[in-house]
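First up is the structure itself, then whatever we jot down about it.
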């Protein structure tokens, strides 16, 4: 796989936001290992990232939240009862708390209530044991990695990094700001090479706009959008409105690309079957925006109805693997510039 090195930190990173970037749409879609090779190892562990690298992923994706002492660590959510053994640890029983994050109430244990040292005493576990029971064999083997460790791993082996900033508005309300911490972590990587580039993504708008204003580093910002809902920091704006022509024009002012939920490109009917593709890819490309849809997974549970496989009456039908290759090749044919996939080896083979 041909790769080129770029410099992280200080005055140079990869080509940045739309309007200043020299990149064009790739003729070879990139493979982004979603939370690492999370279909085969517990997500957001160094083991998952290393397996993705071994499977020739172009980028590894760490979701970033913050510890009580301000360190960026890799967890899909700041509530960690589903991805660590914290609920079994009596010394942390009193940390269980109810919080409202982006309007959603939940009870559990929260990264921002732990120092890094405390968090590192926990061990990771599989988040989807009903769908991925074989991954449970790796429970208890890994600690929660820091963003700095992921940058070091990427630098060592020569792959890209594609972090997501999680809940920046909520974290600021807790007295933690992930954006300056993110900038500092990248700068502290010391100007070492990372293959191709470093993207940064977020469902909120403000954090990306803030990064776009950092003149010393030219970020490749990617605006994440879901099929429904709206950014938490812009309650007056829906994701649907953001995918309009006017919305894409606005995104192109601060971002290099969009990360749409895949049903914004290939919708599904009420029965779960694929419908005719939309024109979103073409409209984004017309504005020089890259398109990296999410998330591609092998289990029947996540696939459109016509791409599922196996006996529908089987107890394990939903966790059986269907035609992931067919779905990936469908999206490649539609011209997407990359895919987020839990099974990066399958995505590489399909490409």
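No value in this document is a laboratory result; all are computed from the given coordinates. Note that this is a predicted model, so its numbers are computed, not measured. No Cβ is skipped: glycine too gets one built from the backbone with ideal geometry, and neighbour counts run over all protein chains shown.
Computed per residue of the chain from DSSP H runs no shorter than four, each worth -39500 (n - 2.57), the mean residue ellipticity at 222 nm is -6000 deg cm²/dmol. Starting from the Cα of residue 263, move 7 Å in the Cα-to-Cβ direction to define the label point; list residues of the range 287-305 whose amide nitrogen is under 15 Å from there. From the range 287-305, the list is 294-297, 301-305. Can you tell me the FRET efficiency between residue 273 and residue 241 if r is taken as the Cβ-Cβ distance and R0 is 35 Å, rounded to the nearest 0.05? Here the calculated transfer efficiency is 0.85. Legend: calculated FRET efficiency, residue 141 to residue 321, from the Cβ-Cβ distance at R0 = 25 Å, rounded to 0.05, equals 0.55. Stretching residue 213 away from residue 27 to a fully extended chain increases their span by 64.0 nm, per 0.36 nm per residue minus the current alpha-carbon distance.
With a simple spin-label model that places each label point 7 Å from the Cα along the Cα-to-Cβ direction, the separation between residue 95 and residue 312 comes to 4.6 nm.
Of all beta bridges DSSP finds with both residues in the chain, what is the antiparallel percent, to the nearest 5?
Beta bridges within the chain, antiparallel portion: roughly 40 percent.
Of the residues 323, 223, 201, the one that moves most in a GNM of the chain with alpha-carbon contacts below 10 Å is 323. Radius of gyration over Kirkwood radius for the range 53-156, both on Cα atoms: the Rg/Rh ratio is 0.97.
Placing a label point 7 Å from the Cα of residue 102 along the Cα-to-Cβ direction, the residues of the range 288-324 whose backbone N falls under 19 Å from that point are 292-296. A Förster radius of 25 Å, combined with the Cβ-Cβ distance separating residue 305 from residue 282, puts the computed FRET efficiency at roughly 0.45.
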